[in-house]
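The values are calculated or read from the model by the stated rules, or taken from the named source; none is laboratory data. These numbers come from a predicted model, not from an experiment. When we count neighbours, we look across all protein chains shown, and the Cβ atoms used for this are built from the backbone with ideal geometry, even at glycine. Surface areas here come from the heavy atoms of the whole protein model, side chains and all, with no ligands, DNA or RNA. Shrake-Rupley method; radii C 1.70, N 1.55, O 1.52, S 1.80 Å.
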Amino acid sequence: MFTGIIEEVGTVGSVSEGDIAIAAKRVLWGTNLGDSISVNGVDLTAKFFDEDGFQANVMPETYRRSNLGDLKPGDKVNLERSLQLAGRISGHLVRGVVEATGTLQSFTNESDAIIMRIAAPAEILHHMIVKGPVAIDGISLTVTAKASDWFEVSLVQYTQENTNLQTRKAGARLNLETDIIARYVEQMLDDRFAAGVA
């Protein structure tokens with residue numbers, strides 16, 4: 001479990017089938033083998049680390065649902081260590097289970113903020129509400145506008161300076177995870193209606 005508050009932007013060192021190596025420093029503090037590290041919003045297990053970074057395995061299912069298969073050596077990735085329940089939750093509860101990818105459409109300046117528009121599948125947009133949370137490449141953000149095939153978020157200066165989003169170009173695939181609470185509520189209601197309980 002994560003909060004969506006990015007701790008470090010790492011650099012992809014190597015990518016091979018089923019394996020990724022990432023140069024990083026901060027996310028290694030207090031990390032043990034087997035611990036979870038969010039990489040662009042994907043919960044990966046650290047299988048090896050040293051003073052220069054870490055390696056993790058990547059399953060075929062992860063490649064199918066996320067943008068990790070698009071990564072090349074030198075690419076920047078958002079990193080976060082797993083949540084400690086004794087700490088503050090500054091973002092929202094992020095599982096690190098990417099549901100689908102969206103496509104970056106545009107950046108628009110708005111004073112000190114930047115409005116980011118993302119095309120997304122209908123089944124993902126169904127679980128979003130304006131002013132509700134969404135994780136984009138592991139970053140906890142708030143939906144500011146939504147239509148039938150896109151949504152927008154506003155990037156404050158801290159997010160602009162401390163994540164990889166501004167290095168992304170129009171057409172880039174972005175990992176999306178919607179609010180877990182919305183998904184649970186929908187499933188419970190569907191189950192009740194299917195059982196004929198009003």
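Could you give the accessible area per residue of the chain, probe 1.4 Å, as a whole number in Å²? Mind showing how you got there, number by number?
Values: 10290 Å² over 198 residues.
Per residue, the chain has an accessible area of 52 Å².
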Worksheet item: By how many degrees, between 0 and 90 and to the nearest 10, does the Cα long axis of helix 180-194 differ from the longest principal axis of the chain?
Response: 40 degrees
Response to the item:
If amide H atoms are modeled at 1.01 Å from N in the peptide plane, then the residues at a separation of 5 or more from residue 132, or on another chain, having amide H under 5 Å from its own are 143
Worksheet item: For the chain, what does -39500 (n - 2.57) per DSSP helix run (n ≥ 4), summed and divided by total residues, give at 222 nm, in deg cm²/dmol to the nearest 500?
Response: -4000 deg cm²/dmol
Discussion item. Given Cβ point charges of +1 (Lys, Arg) and -1 (Asp, Glu) and nothing else, what value in debye, to the nearest 20, does the dipole of the chain about its Cα centre take?
Written reply: 200 debye
Worksheet item: Of all accessible surface on the chain at a 1.4 Å probe, what whole percent is carbon and sulfur?
Response: 53 percent
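When only DSSP loop residues count, what GluC sites (Glu not before Pro) in the stretch 51-123 have their Cβ near at most 10 other Cβ atoms within 10 Å? Walk me through the numbers before you get to the answer.
Working: sites: 51, 61, 80, 99, 110, 123; in loops: 51, 99.
Those satisfying the criteria are 51.
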Item to complete: Could you point to the residue in 4, 63, 113 farthest towards the positive end of the stretch 1-133's charge dipole, with +1 and -1 charges on the Cβ of Lys/Arg and Asp/Glu respectively?
Response: 113
